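K.L.:
This is the structure I want to talk about, given as structure tokens.
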Amino acid sequence: MIVFGYTWALMHHLCSGIRHFVWDLGYGFKANEREALTWGALIAGISLTVLVWIIAYAVGGGR
Amino acid sequence: MSGPSSMRTPLERVRGLGSAHTGTSDFWRQRLTAVAMTLLIVPVIVVVIMLIGRNHAGAAQILGSIPIAIILLLFIVASTWHMKIGMQVVIEDYIHNEKLKIASVMANNFFCVAVALASIYAILKLSSGV
Amino acid sequence: MVEFALPKNSKISGGKTWPKPAGATETREFRVYRWNPDDGKNPSVDTYYVDTHDCGPMVLDGLIWIKNHVDPTLTFRRSCREGVCGSCAMNIDGQNTLACTKSMHDVGAGGAVKVNPLPHQPVVKDLVPDLTNFYAQYASIEPWLKTTTPTTAKGMEAEPRGPREARRSLRVHPVRLLLDLVPELLVEQRTLPRPRRLLQATRWVTDSRDEATGERLDNLEDPFRLYRCHTIMNCAKACPKGLNPSEAIAELKFKMVERQI
């Protein structure tokens, strides 16, 4: 459970970091784009976490 | 701030000790390590998944392989450096007592270097088969 | 350290409820921050009832109505009443905005309209904040054209600007309220980077006529100036003029990298 939370923290940080790259490069500053990027980072972070855990169970489950 | 006790002019208070003329290097390194980790995250996750359920010998065998060890070493360097800069920013944001702030930044540096060295040592030890 | 609580003498206590206007068929409740420097008491929140049939639609109209009809001691700044001057910047229902362009029907969901002074600045009286530091910060970016080349009789022509740059170059006073949006930065009394100041700085850094670009960048390059902005975007969210200081700050950070890498 704790490791799951940690994975999510990492993945959310990764996705938010990518969002900040977009801003650093000068894109995505309009109000709707900002909202979309932020929601996108949140959802992508959760999706990636779940994906990683599914793969981990699929691969590691056999051992 | 602008209490009657202060003899300094408002402009003097705003200018303070002047610009430090630094910050860009930390900003740049934070992005540099972030890009590095964005690229490295996939192989690192693959390695971690490969380790699931293995015993010590099996894990040591995987971590001992040269490409995997190098990927992990790169990730350790990037992540601890990123951590050091990121934590320093948090300290600068929230700790306003100058001496406490200096102590915290120093402790943060020690901690990050210690974590980095311990991790690097562990990987090297496994890959050199000692 | 971070201060989570107000100092003792700033804690809000009590407050007077003023009678409803006689003969009014429809009223709106206003809860307004009051503080008088002369009576030695803590700030309080007074409750007023505004006759909405006798009053314009904006929060500022309500405040003026209160001052005219209920309580002439209520103190606030206002001037243009059309969102240009920025005098009536205050915190309405938790959001820093302009009282003259905020409709009282858009806030508080029919309940009370809560009006407070801009946070993180010393209060002079009631809703009037002390802007000394604000003007000092504005002065610190040296908001004037700096050139070494003597100006010819013809003057200096500026490069044509895109609409975004042109908007930024406007001298927009309401941005005054943006300076309150990074609260953790504003607790400490030192060099405070504020969105508005950095936005204005960008305006001069990007001016094609200005010859002090490097010097201006030098002055901003500091962990506690430019780099204290973490692109949270509260400033852009609150700006009643639709400006985006974060975008200007990103441009400044890019220029900093550009001249080093």
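K.L.:
Considering every residue in C:214-222, what mean count of other chain Cβ atoms within 10 Å of its Cβ is obtained?
P.N.:
3
K.L.:
Using only the Cα atoms, work out Rg/Rh for chain A, with Rh taken as the Kirkwood radius, to two decimals.
P.N.:
1.13
K.L.:
How far is helix A:31-60 tilted off the main Cα axis of chain A, in degrees rounded to 10, range 0 to 90?
P.N.:
10
K.L.:
So what's the range C:113-154 giving for Rg/Rh, alpha carbon basis, Kirkwood Rh from the mean inverse pair distance?
P.N.:
1.34
K.L.:
Something else about it: Give the whole-number value, in cubic angstrom per residue, of the convex hull volume spanned by the C-alpha atoms of the protein assembly as shown.
P.N.:
So the per-residue hull volume is 206 Å³.
K.L.:
Ordering C:LYS255, C:LYS41, C:LYS114 by how much accessible area each has at a 1.4 Å probe, largest first, what is the list?
P.N.:
C:LYS41, C:LYS114, C:LYS255
K.L.:
Further question: Taking every residue in B:22-29, how many Cβ atoms of other protein chains lie within 10 Å of its Cβ, on average?
P.N.:
Mean partner shielding for this stretch: 6.
K.L.:
Shifting gears a bit: To the nearest 10 square angstrom, how much accessible area does C:GLU29 have with a 1.4 angstrom probe?
P.N.:
Number for this one is 50 Å².
K.L.:
Compute all pairwise cysteine Cβ distances in the protein assembly as shown, then list the cysteines with no distance under 4.7 Å to another cysteine.
P.N.:
A:CYS15, B:CYS112, C:CYS55, C:CYS88, C:CYS100, C:CYS229, C:CYS235, C:CYS239
K.L.:
Here's something else I'd like to know. Kindly state, to the nearest 0.05, the FRET efficiency for B:VAL48 paired with B:ILE102, given R0 = 30 Å and r defined as their beta-carbon distance.
P.N.:
The formula returns an efficiency of 0.25 here.
K.L.:
Computed on alpha carbon atoms, what radius of gyration and Dmax characterise the range C:8-129, expressed in Å?
P.N.:
13.6, 41
K.L.:
Further question on the same structure: Measuring from centroid to centroid over Cα atoms, what is the spacing of the range A:1-55 and the range B:29-72 in Å?
P.N.:
What the calculation gives is 21 Å, centre to centre.
K.L.:
To the nearest 10 degrees, how steeply does helix A:2-24 sit against the main Cα axis of chain A, on a 0 to 90 scale?
P.N.:
20
K.L.:
At q = 0.17, 0.22 Å⁻¹, what is the base-10 log of I(q)/I(0) for the range B:23-127 according to the Debye formula with one equal point scatterer per Cα and no solvent? Please give it to two decimals.
P.N.:
Result of the Debye calculation: -0.84, -1.13.
K.L.:
While we're on this one: Using packing as a proxy for protection, rank A:47-53, C:47-53 so that the peptide with the highest average count of other Cβ atoms within 10 Å comes first.
P.N.:
Output ranking for A:47-53, C:47-53: C:47-53, A:47-53.
K.L.:
At 222 nm, what value in deg cm²/dmol follows for the protein assembly as shown if DSSP H runs of at least 4 each add -39500 (n - 2.57) and the sum is divided by all its residues, to the nearest 500?
P.N.:
My calculation for the protein assembly as shown gives -16000 deg cm²/dmol from helical runs alone.
K.L.:
On average, how many beta carbons from a partner chain sit within 10 Å of the beta carbon of a residue in C:42-51?
P.N.:
Mean shielding by partner chains, rounded to a whole number: 0.
K.L.:
To continue, here is another question. Round to the nearest 0.05 the FRET efficiency obtained for C:GLN260 and B:ILE66 when R0 = 51 Å and r is the Cβ-Cβ distance.
P.N.:
Efficiency computed from Cβ-Cβ geometry: 0.90.
K.L.:
Now for a different question. So for C:SER87, C:SER140, what's the accessible-area order with a 1.4 Å probe, most first?
P.N.:
C:SER87, C:SER140
K.L.:
For the pair B:ASP26/A:ASN32, report the inter-label distance in nm, with labels modelled 7 Å from Cα in the Cβ direction.
P.N.:
Going from the B:ASP26 label point to the A:ASN32 one covers 3.8 nm.
K.L.:
Place the peptides C:57-63, A:16-22 in order of packing, highest mean first, counting for every residue the other Cβ atoms within 10 Å and averaging per peptide.
P.N.:
Final packing ranking: C:57-63, A:16-22.
K.L.:
State, as an integer percentage, the relative contact order of the range B:23-127 based on alpha-carbon contacts under 8 Å between residues 6 or more apart.
P.N.:
The normalised contact order for the range B:23-127 reaches 37 percent.
K.L.:
Does anyone have the angle between helix B:66-94 and the longest principal axis of chain B? Alpha-carbon axes, 0 to 90°, nearest 10?
P.N.:
On a 0 to 90 degree scale, this one is about 20.
K.L.:
Measure off 7 Å from each Cα along the Cα-to-Cβ vector at A:PHE21 and B:LEU11, then give the distance between these two points in nanometres to one decimal.
P.N.:
4.4
The values are calculated or read from the model by the stated rules, or taken from the named source; none is laboratory data. Just so it is clear, the model here is predicted, and its values are computed rather than measured. Note that we place each Cβ from the backbone using ideal geometry, even for glycine, and neighbour counts take in every protein chain shown. Note: accessible area is taken over every heavy atom of the protein model, side chains too, but ligands, DNA and RNA are not part of it. Shrake-Rupley method; radii C 1.70, N 1.55, O 1.52, S 1.80 Å.
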